[in-house]
Amino acid sequence: MNTKTVLVVFFAIFTVGLALIVLLPFFLARRPAEPEPEARGAAAPAVEGVFRSDDGGRSWQARSAIAGGGSVAGLRVNRLVLDPADPATLYLLTDGGGLFVTRDRAETWERVNDTSGLLEPDANVLALAVNPARREEWYVAVFRDRRGRVFRTDDGGRVLREIYFTPLERFGVFDVHVERGGRTVWIATGQGGILESRDRGRTWRVVRWFADGLVRLLVNPARPAVRFAAGAKGSLFRSPDGGVTWYDVTAAYRNFSGALQNQRWFTDRSGAVWLGSNHGLLRSGDDAETFEAPPLIIPPDALPVLALAVDPRDTSRIVVAADGQLYASEDGGKTWAILPSPAPSGKRVTHLLFDAERAETIYAVVQL
């Protein structure tokens, strides 16, 4: 092969190579309208929804999956309720997302779809109580068509029927309580009424009308005749005799700055009354005659206490959520430890719940 031929071949190879270098990226490049392929590897960590800890709060796992697909993460949660008879069963009450139940400690959730069509998929579910004498009998408070309504199911949510609605629009039913015997039901309304039914919702009578709308009912587990009604403006009323007489006990905590705002009420097994609020954490051991502030390791008024839970087996074990931070006490609130929080920056822990059977299992709800 002479020199001229070598030069021609070399020039041809050089030209083809240069063309490939310049043009190949244009053929292989992804067009702007095409979506990028999903990255392989670990899924992004969950930032909202239900979380469960099986080691006393030292680590948390997301537990928001709906059976058959989907997730409860991102739904606005009103309450997380533990079944009184089965520790593995919990109820998730949402604002605009309906009602969900889990029977396996939040491994999977199922939407409650009643055949009667009363419980709509976008229902605002405000309260739920399970009859301790009949586990399939639930009382569900829902705000629907501008009124508060109470539904009863006798078969675990398959069929519901309406047993009460507020006489005026714009008022909800914010709490429901079922007596241990199973026939007597109490409800608290946004109109300020406590109503009682002694025949499982067939007929109702007025227990008391209050000037403020009511948002919570509390019953002392140790002495069920002692009851409390919490008002929408931060007030608290106590009845020592099952609702016959009532006393305003708001003065017992009014002087704690911020205690009237953003309240979270809780009664533990011993009958102690706990209050989380913009002030922080308060506790009463004398039926709300007096309150004290446990020495939580954050200054008063610094962060609101948005959720709290007390172990039903051991009332010295407490977990508190201050905004997105978690604190735990093993000695009734004398000393505190900081727990890892399932809530990332910008999110809050709004509900906490101890498992009634497993001492180290705790549930948390994280949302905006």
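Points to keep in mind about this one:
- Residue-averaged [θ]222 nm for the chain, counting only DSSP H segments that reach four residues, each worth -39500 (n - 2.57): -2500 deg cm²/dmol
- Amide hydrogen proximity for residue 147: with H placed 1.01 Å from N in the peptide plane, the residues at 5 or more positions away or on another chain lying under 5 Å are 170.
- Dipole magnitude (debye, nearest 20) for segment 112-248, charges at Cβ of Lys, Arg, Asp, Glu: 320
- Whole-Hz couplings from phi, Karplus 6.51/-1.76/1.60, listed for segment 114-121; x for Gly and Pro: 7, 5, 6, x, 6, 8, 6, x
- Counting 0.36 nm for each residue step from residue 244 to residue 223 and taking away their Cα separation leaves a gain of 6.0 nm.
- Tail fraction, Cα-Cα pairs, segment 214-310, threshold 19 Å, whole percent: 34
- Among 112, 133, 246 - extreme Cα towards positive end, dipole of segment 112-248, charges at beta-carbon: 246
- Theoretical FRET efficiency, 1/(1+(r/R0)^6), r = Cβ-Cβ of residue 170 and residue 108, R0 41 Å, to 0.05: 0.65
- With Cα atoms, 0 to 90° folded angle of helix 3-28 axis to the chain main axis: 20
- Computed from phi, the 3J(HN,Hα) profile of segment 92-100 under the Karplus parametrisation 6.51, -1.76, 1.60 (θ = phi - 60°) reads 10, 9, 10, 9, x, x, x, 10, 10 Hz, with x in place of Gly and Pro.
- Under 5 Å from the amide H of residue 287 lie the amide H atoms of 273, each residue being 5 or more positions distant or on a separate chain, with H modelled from the backbone and absent for Pro and chain starts.
- Hydrodynamic estimate: the Kirkwood radius of segment 48-92 over Cα pairs, inserted into Stokes-Einstein at 25 °C and 0.890 mPa s, corresponds to D of 207 µm²/s.
- For the pair segment 262-302 and segment 55-131, the centres of their Cα atoms are 27 angstrom apart.
- Its residues counted as N, segment 112-248 yields a C-alpha radius of gyration over 2.2 N^0.38 Å of 1.01.
- Amide H partners (placed H, <5 Å) of residue 207, local residues excluded: 194, 195, 196
- Per-bin percent of Cα-Cα distances, the chain [10 Å]: 5, 21, 29, 21, 7, 3, 3, 3, 3, 2, 1, 0
- GNM result for the chain, Cα springs below 10 Å: residue of 239, 116, 71 fluctuating most strongly: 116
- Relative compactness, segment 324-365, computed as alpha-carbon Rg over 2.2 N^0.38 Å: 1.24
- Given R0 = 45 Å, the distance between the Cβ atoms of residue 206 and residue 76 translates into a calculated FRET efficiency of 0.90.
- Taking one quarter of the surface of the C-alpha convex hull of segment 268-330 gives a mean projected area of 3.9 nm².
- Under Karplus coefficients 6.51, -1.76 and 1.60, residue-wise ³J(HN,Hα) of segment 219-232 in Hz, glycine/proline x: 10, 5, x, 7, 9, x, 5, 7, 9, 10, 10, 9, x, 5
- Placing a label point 7 Å from the Cα of residue 314 along the Cα-to-Cβ line, the residues of segment 323-366 whose backbone N sits under 15 Å from it are 328-337, 354-362.
Read-outs: derived from the displayed coordinates by stated rules, not from any lab. All values derive from a computational prediction rather than experimental measurement. A quick note on method: Cβ atoms are made from the backbone with ideal geometry, for glycine too, and the neighbour counts reach across all protein chains shown.
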